[in-house]
Amino acid sequence: PLSYFPESTIDYWVLDRRMIDYHSMILRIARTLSRDHVVIVKEHLHMMGARDGGFLKSLRAMPGVVSVPPLESSNRVVGESDLVLLGSGSPGIEATLRGKPVATFCNTSYWFAPSQATFVDPGEIGAWPEMLVRAIEEHRPLDERGKRRFIDDCLAASTRVVEGKTIWPILHPDDVGPLLRDLADRRSSR
């Protein structure tokens, strides 16, 4: 799945700053993976008509790359895929719950560890084909108990909001305080 771009899931959550050059990195990834595999690329519904047309034409022109129109069902695409590769978006959750292996270049996403996703380093794209094949071979889908635990883990990463009539949600102080302390501790330990 292509990410909504620009967006915090790429600009901030993905620690490797190379991904900020999103379009050229996606083209490089697609070129590398499509040498030996079929790569299915699905446009983000909310980017329909907004993304650079040259980027999309370049993807569609690559042998071994299939471009899925944005109005097609993402769930169907996930269902037909052997593996879902992405940054940090919600398709990581969808793929995990559908029993598909997930690979990501974002190991800071709240669903990364619970999904048992495979981390792929943007600096080592040439090694990705082997890593992804291994991820498919070694993948064991979650059973019902594992899916419930996965959902609980994802929800635990969410914060509550203060009830009120504001345009933007205000995070509950009981959730923000521990988060800020944890971030400060991490920063001071560097």
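General observations
- Within the chain, DSSP assigns beta bridges of which about 10% are antiparallel (rounded to the nearest 5).
- Separation of alpha-carbon centers, the range 34-48 and the range 123-180, rounded to whole Å: 23 Å
- Percent RCO, i.e. relative contact order, over the range 1-70, from Cα pairs under 8 Å lying at least 6 residues apart: 37 percent
- In this simple spin-label approximation, Arg60 and Asp152 carry label points 7 Å from Cα along the Cα→Cβ vector, and these lie 4.7 nm apart.
- Length-normalised contact order for the range 10-118 - Cα pairs under 8 Å, 6+ apart - percent: 24 percent
- Ser90-Arg18 pseudo-label distance in nm [points 7 Å out on the Cα-to-Cβ vector]: 3.0 nm
- Set of aspartates and glutamates with alpha-carbon distance to Lys42 below 16 Å, sequence-local pairs under 8 removed: Asp52, Glu72, Glu80, Asp82, Glu94
- Helix-derived mean residue ellipticity, 222 nm - over the chain, DSSP H n ≥ 4, -39500 (n - 2.57), to 500: -12500 deg cm²/dmol
- Gain on full stretching of the segment that runs from Asp143 to Asp52 - 0.36 nm per residue minus C-alpha separation: 28.7 nm
- Mean separation of Cα contacts under 8 Å, 6 or more apart, over the residue count of the chain: relative contact order %: 18 percent
Read the figures in this text as sums done on the coordinates, not as results from a lab. The structure presented is a predicted model; accordingly, all values stated were derived computationally and were not measured. We place every Cβ from the backbone using ideal geometry, glycine too, and count neighbours over all the protein chains shown.
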